Structures are given as C-alpha cells and as structure tokens.
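Here the structure is laid out as structure tokens; the discussion comes afterwards.
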Amino acid sequence: MKTLLLILFCSSCVKSIAQKNKVYFSSSANIGLLVGEAQKTASFQIINGIKIDKWRLGIGTGLDNYGTKSIPAFIDVRYTYGAKKWQHFVYANGGIDFPLYNNFFRGSTPNNNFFKSTYKLYNSLCGEAGVGLSKPITKKLSLNLTAAFSYKHLQYLETKNYNDVLGNKVTNMYNFYYRRLALRVGLQF
Amino acid sequence: MLHQHLTKKLLLVAMIATVVSGCFKDTGTKTYKLYTPVYQTTQAVRAAIKNDAPQPISSVGKMVLYGNFIFLNELNKGIHIIDNTNPASPVNKAFIKIPGNENLAIKDNMLFADCFTDLFAIDITNANNIVLKNAVENLFPERRFINGYQMDVNTVITDWIVRDTVVNITIEEGQGIWTKNGSYLTSGPWAWQFASVASSLKSTTGVNGSTSKYAIVNDYLYALSSNKINTVTIAQLDNPKLVNSTVNNGTIETIFPFKDKLFIGAQAGMFIYSITNPASPVDVGKFTHARVCDPVIADESIAYVTLHSSQDRCVGFTNQLDVVDITNVNKPTLIKTYALTRPYGLSKDGNLLFICDGNAGLKVFDATTATNIILKQSFPSQETYDVIAYNGIAYVTAKDGLYQYNYKNANNVQLISKIGIVK
C-alpha cells in the first residue's frame with residue numbers, strides 16, 4: 001500500500017512538472033572503467049528516460065564486470081547546470097544487481113569431486129553518485145564524461161561437498177561490498 | 001580564460017578525488033558455523049549407557065534386525081530400538097545414547113556398538129535395564145580425530161555447540177573476484193562421513209545390511225577400520241577381545257559374511273577373505289574396479305557389487321551393478337554389468353535382488369539368471385541407503401526415514417510402513 005502511494009505521489013510530481021515544462025525522451029549509453037581494490041574492469045550502461053528542463057529521470061541497465069558479472073537495473077536521476085558549452089551535472093542512481101552466474105560448480109580437477117562446492121548468488125543492491133561534464137557535439141547529441149563513487153554488493157552462499165559433524169552440509173555465506181571509482185564516457189540525447 | 005577555467009575544474013576534481021579516494025575500499029565478510037565440542041569423560045559416557053525414552057529419529061544410519069526389533073543407528077548419537085512386532089505399525093520404543101556411534105552388531109542379546117574409538121559390549125537381555133558390560137578400547141584409533149579436534153584417551157565428544165561466526169575478509173588485488181574457477185574461499189570445518197553389524201543365518205544373531213562395517217560369524221566379530229579388518233573374539237560375549245588386525249590398503253568400507261568367506265567392499269574393488277581360520281582372515285581373491293564405493297553381497301557362486309560415484313568420498317562417474325562369478329574365489333570374473341542411477345546398499349532373498357538406487361529409490365530385480373537380471377518393480381523415494389531383505393520384508397533406510405516392504409508375493413511388492421524422520 002505504501003509503495004503504491006509512493007508511486008502515485010512520484011507520478012503526480014512528474015506530471016505536475018511536465019505540465020509546466022516540456023518533456024523530452026532522453027537516452028544515454030556509456031562505457032567505462034570500474035577501478036577498485038579488487039580489480040579494474042569494464043562497465044557498460046544504457047539509460048532511457050525523460051528530460052524535463054534540467055532534470056533527467058531514467059531507468060538504466062547494463063553490464064557490471066566487477067567482482068562478478070552482473071546486470072544492474074536502476075533508477076537514475078540527473079541534474080544539469082552550467083554553461084551550454086560544457087555543462088555540468090550531478091547524478092545518482094540506485095537499484096538491484098542481478099548476478100549472471102548461479103549454482104556454479106568449482107572443481108580443482110574433473111575427477112576430484114570431493115572439493116566441489118555449489119554456489120548460490122543473490123540479487124543485491126547497487127548504486128552510484130557522481131559528477132559529470134556534458135559537451136554538445138550536435139544539436140541533440142552530447143558527449144558525457146563522468147566520475148562517480150560506485151557501490152555494489154555481492155552475496156553468495158557456498159555449500160561444501162561434505163557434511164559437518166551434525167550431518168548437515170557445510171555452508172559459508174560471503175558478503176562483498178565493492179566501493180569503486182567509476183569513470184565513464186558516453187553519448188546522450 | 002577557458003583554459004584556466006578548465007584547469008581549475010580539473011584541479012578541483014583531482015582534489016576531490018584525492019579526498020574521497022579513501023572511500024574506495026572493498027570489504028567482505030564470511031559467515032560460517034563454528035563448532036565447539038562438548039567433552040565428557042569416557043567414564044561418564046559409559047555410566048550413562050542405558051535405554052532412554054524414545055526419541056524422534058532425525059537421521060537414519062545403519063540398521064540391524066534382531067528378533068521382532070529393529071536397531072537403527074542415528075549417526076554419532078546412538079541407537080533407536082523399534083518394536084517391529086507388527087511391521088505395518090512399527091513403534092519407536094527406546095533410545096540408547098552412544099556418542100560417536102556409527103556401527104552395530106548383535107549376538108545372543110549382546111549389542112556391540114562403537115563409541116568413537118572404542119567397541120562397547122552392551123547386554124540388552126533385560127529391555128528395561130541394559131548394561132554396558134565391557135569395552136575394547138582404541139579399536140578404531142582413526143576416530144580419535146574429528147572435525148580438527150583430537151580427543152584425549154579419557155574423553156569423548158558428546159555434543160557440539162554450533163554458533164554462527166562472522167569474520168572480516170581483507171580484499172587485495174585479485175581477491176574477492178568471482179571467476180569460472182571459483183571465488184574467494186577459505187576452508188571450513190569438515191568431517192568425514194562414516195556410514196552396522198551383519199550375520200545372516202543364526203536366529204540369535206542380528207541381521208545387518210550390506211553397508212555394514214561389522215560382521216559376526218560364530219564367535220567372532222569382524223570390524224572394519226579404514227584399512228584393517230579387526231578380528232574380535234566374542235566367545236565370551238561380555239568380554240570381547242581383539243585377537244588380530246589384518247591390514248588392507250584398499251580403503252575398505254563394507255563387509256558381508258557368507259559361510260567361510262568375508263566379502264569386503266573397498267574403493268579399489270571387492271576383496272575376498274577366507275575365515276577357515278576365523279581368528280586370522282586370509283586374502284584369497286579380489287575383483288578390482290574403478291575407484292568408487294561398492295557394497296557387496298554374495299551367495300554360493302555369485303557376488304553382486306554395486307558401484308556408485310557421488311560428490312562426497314566416492315568420486316568418479318561409475319554407477320552400476322557388477323555381477324561377478326566367484327565359483328573360483330581366487331579368480332573372480334565379471335559376468336555382466338548393469339547401469340544404474342546411483343546404487344548403494346543391496347540385499348538378496350532367493351531370486352529377488354533388492355537394490356537401493358540413490359534418488360531412484362528401491363528397485364526390485366529378478367536375478368534368476370545372472371546374465372539377464374530384470375527390473376520388476378521400483379519405488380521412487382528420497383535417497384535410499386541400504387536394504388535388508390529378510391523373511392518376506394524388505395527394510396530400507398533412506399534419507400527421509402525407514403521403509404518396510406512386503407515381498408511375500410514376489411510379483412507384487414508393497415509398501416507396508418514408514419517411519420519418517422523428524423527434523
């Protein structure tokens with residue numbers, strides 16, 4: 001019930017703003033680098049939504065290769081300001097991260113099944129907050145450069161191939177909290 | 001001007017980046033169960049051996065049939081005594097608490113059961129007052145080590161305190177990354193799983209299943225360690241004594257007696273020992289196979305060996321029944337192989353062969369002709385472990401309980417009862 005009320009409130013806000021300002025469709029595609037303690041790896045995002053005055057609101061997805069390959073799904077909000085030649089913007093997004101692998105078997109050698117474990121990866125939270133520069137390159141198209149603090153949570157349950165003293169499978173739950181720098185370049189209209 | 005403007009911006013960004021760089025940290029936690037043993041002295045454990053009130057069965061281990069009773073092991077905890085006077089309605093009557101118990105055998109009202117390293121002789125003549133009579137100490141020395149702990153000579157682990165424990169993981173470059181070869185791993189606490197006692201013809205001797213590590217033949221109890229056949233004289237039932245240990249390097253796991261032979265199932269194959277001199281088993285023949293687990297039973301001329309592979313100790317890809325000609329015990333030869341799902345315990349009565357085929361459940365075969373064993377019936381269930389076919393009833397232990405099937409009509413085997421486990 002609360003969720004429904006929240007959605008209705010947000011929708012009415014957007015509608016109210018839209019009634020005062022023109023609403024445009026907005027889309028951006030970004031590739032970039034995720035840099036953290038564990039690794040440096042690539043990332044890809046695509047965000048589709050609406051642009052109202054200086055605000056952009058969109059739904060994004062992509063590929064996040066950090067820690068584990070996953071597909072994030074998030075809501076993205078951006079506010080643009082500054083001169084038209086080099087516009088600044090701040091943004092934030094948040095959503096759910098969906099790991100691509102699940103129940104993956106690990107074995108040191110094909111016949112050494114004793115050391116096989118099974119894994120269950122869980123959907124977890126992800127989010128970003130950062131700043132960017134946007135330079136128009138055509139009337140509608142802009143080049144974006146962003147730098148952001150990017151967060152991703154990975155949780156998985158490992159089930160060992162042997163039992164504990166009580167006859168239950170040995171399990172370990174792992175939680176990784178990735179806090180990395182996201183540097184991206186992309187196109188937006 | 002623009003150049004200065006951009007330079008200032010870049011400097012600002014660099015400053016901010018430097019300040020916030022401390023925020024770019026990867027951290028992790030691992031949550032696992034920590035097991036802390038509860039110790040008791042061996043004297044206290046032995047003093048507590050008695051028939052307690054019946055307890056719900058939470059897991060099913062080895063079993064022995066004795067008269068109208070089923071003695072059912074619960075791994076590492078003890079033995080349930082089930083009144084099976086009416087197989088359609090078995091009644092859980094009592095529980096004997098024996099920490100570390102895995103195997104059992106019964107002869108003439110004397111229950112032989114292990115308690116970690118020791119073999120107990122427990123008089124069960126008076127059902128209301130069972131008495132620990134004696135112990136053969138340190139018969140199974142490998143069982144002194146459990147879950148990374150070593151028990152002292154005078155102590156046993158009777159219980160475990162289990163606690164969820166969280167530890168922090170430090171992530172450096174290359175760690176905390178999921179790859180197709182796995183991710184950050186640490187080793188956790190682990191324990192081997194051991195899987196009762198058998199004899200077939202004497203009415204005063206319990207009947208064991210094919211997965212048993214104990215066998216009673218006349219006045220001797222043969223008890224397997226990981227690499228030894230321990231020969232224990234039970235001529236004096238209340239004073240068992242170790243008389244011999246025969247080494248076998250094949251990781252032996254099951255024992256089946258037939259007349260003057262012991263058929264040993266090992267990961268490397270089936271071994272045949274002569275007990276013409278019962279105090280000293282002699283290796284007379286073997287049938288080797290791929291490294292898997294293999295309970296074995298035998299009759300006059302044929303041995304039936306189930307081979308199974310799994311994700312635990314029995315690594316490999318072989319799941320089958322081997323029918324072996326043992327007419328010449330010195331040179332057993334394979335007659336035929338039958339593919340199965342994941343066979344484990346088996347039993348034979350007349351021409352009916354019963355096989356516990358893992359998750360495929362109990363299967364009943366017509367084994368009249370060794371080269372043409374035919375499946376007659378199957379009973380899918382949760383993973384099945386062992387079966388004893390005796391006097392028209394097939395007793396089956398499975399992951400979810402103890403089943404009994406009536407096979408007096410060989411063409412229409414029927415489930416007559418089940419005791420389920422209680423978690």
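The values are calculated or read from the model by the stated rules, or taken from the named source; none is laboratory data. In this text, all values refer to a predicted model and were calculated from it rather than measured experimentally. A quick note on method: Cβ atoms are made from the backbone with ideal geometry, for glycine too, and the neighbour counts reach across all protein chains shown.
Considering only the range A:86-101, state which residues are aliphatic (A, V, I, L, M) and under 10 Å from the mean Cα position of the chain (by Cα).
Answer for the range A:86-101, where residues must be aliphatic (A, V, I, L, M) and under 10 Å from the mean Cα position of the chain (by Cα): just A:ILE96.
Tell me whether the range B:62-76 contains one or more residues that are closer than 28 Å to B:PHE116 by Cβ, surrounded by fewer than 20 Cβ atoms within 10 Å (Cβ to Cβ), aliphatic (A, V, I, L, M) and within 14 Å of chain A (Cβ to nearest Cβ).
No, the conditions are met nowhere in the range B:62-76.
Before we move on, is B:VAL13 surrounded by 13 or more Cβ atoms within 10 Å (Cβ to Cβ), farther than 30 Å from A:TYR178 by Cβ and either modelled with pLDDT of 90 or more or more than 26 Å from the chain's Cα centre (by Cα) (or both)?
No; evaluated as a whole, the condition is false for this residue.
If you go through the range B:127-147, how many residues are of a type in the set (S, T, N, Q) and surrounded by 14 or more Cβ atoms within 10 Å (Cβ to Cβ)?
The total comes to 3.
Just checking, how many residues over the range B:296-336 are modelled with pLDDT of 90 or more and assigned to a strand (DSSP E or B)?
Summing the residues that are modelled with pLDDT of 90 or more and assigned to a strand (DSSP E or B) in the range B:296-336 gives 18.
Which residues, taken from the range A:136-153, are of a type outside the set (A, V, I, L, M, F, W, C) and closer than 17 Å to A:SER27 by Cβ?
A:PRO136, A:THR138, A:LYS139, A:LYS140, A:SER142, A:ASN144, A:THR146
Please go through the range B:382-399 and pick out each residue that is surrounded by fewer than 20 Cβ atoms within 10 Å (Cβ to Cβ) and touching a Lys or Arg at 6+ places or on another chain (Cβ under 8 Å).
Correct list: B:GLN382, B:GLU383, B:GLY392.
Can you tell me how many residues in the range A:145-165 are buried (at least 17 other Cβ atoms within 10 Å of the Cβ) and more than 20 Å from the chain's Cα centre (by Cα)?
The number of residues fulfilling the criteria is 6.
Answer yes if at least one residue in the range B:58-66 is among the hydrophobic types (A, V, I, L, M, F, W, C) and more than 27 Å from B:TYR344 (Cα to Cα), and no otherwise.
Step one: of the range B:58-66, the residues among the hydrophobic types (A, V, I, L, M, F, W, C) are B:60, B:63-65.
Then keep just the ones that are more than 27 Å from B:TYR344 (Cα to Cα); that gives none.
No, the range B:58-66 contains no residue that is among the hydrophobic types (A, V, I, L, M, F, W, C) and more than 27 Å from B:TYR344 (Cα to Cα).
Got at least one residue in the range A:13-29 being crowded, with 18+ Cβ neighbours inside 10 Å and at pLDDT below 95?
yes
Could you list, in sequence order, the residues of the range B:263-288 that are surrounded by fewer than 23 Cβ atoms within 10 Å (Cβ to Cβ) and closer than 14 Å to B:LYS228 by Cβ?
Residues satisfying the conditions are B:SER280, B:ASP283.
Could you tell me which residue of the range A:61-84 is modelled with the lowest pLDDT, considering only residues that are surrounded by fewer than 20 Cβ atoms within 10 Å (Cβ to Cβ) and farther than 25 Å from A:TYR119 by Cα?
If we take residues in the range A:61-84 being surrounded by fewer than 20 Cβ atoms within 10 Å (Cβ to Cβ) and farther than 25 Å from A:TYR119 by Cα, then A:LYS84 is modelled with the lowest pLDDT.
B:TYR32: closer than 29 Å to A:MET173 by Cα, modelled with pLDDT of 90 or more and out of contact with any helix residue (DSSP H, G or I) (no Cβ under 9 Å at 6 or more places or on another chain), yes or no?
yes
Just give me the residues in the range A:166-176 being facing chain B (nearest Cβ under 7 Å), surrounded by fewer than 20 Cβ atoms within 10 Å (Cβ to Cβ) and of a type outside the set (S, T, N, Q), in sequence order.
Answer for the range A:166-176, where residues must be facing chain B (nearest Cβ under 7 Å), surrounded by fewer than 20 Cβ atoms within 10 Å (Cβ to Cβ) and of a type outside the set (S, T, N, Q): A:LEU166, A:GLY167, A:MET173.
Only residues that are assigned to a loop (DSSP other than H, G, I, E, B) and under 30 Å from B:GLY61 (Cα atoms): list them for the range A:132-189, please.
A:ASP164, A:VAL165, A:LEU166, A:GLY167, A:ASN168
Do we find that A:LEU141 is more than 7 Å from every other protein chain (Cβ to nearest Cβ), under 24 Å from A:GLY36 (Cα atoms) and surrounded by fewer than 20 Cβ atoms within 10 Å (Cβ to Cβ) in this structure?
no
Checking the structure you have, find out if any residue of the range B:114-126 is surrounded by fewer than 21 Cβ atoms within 10 Å (Cβ to Cβ), among the aliphatic types (A, V, I, L, M) and assigned to a strand (DSSP E or B).
No, the range B:114-126 contains no residue that is surrounded by fewer than 21 Cβ atoms within 10 Å (Cβ to Cβ), among the aliphatic types (A, V, I, L, M) and assigned to a strand (DSSP E or B).
Looking at the structure I just gave you, is A:LYS40 surrounded by fewer than 17 Cβ atoms within 10 Å (Cβ to Cβ), within 14 Å of chain B (Cβ to nearest Cβ), touching a Leu at 6+ places or on another chain (Cβ under 8 Å) and at pLDDT below 95?
Here the answer is yes, as A:LYS40 does meet what is asked.
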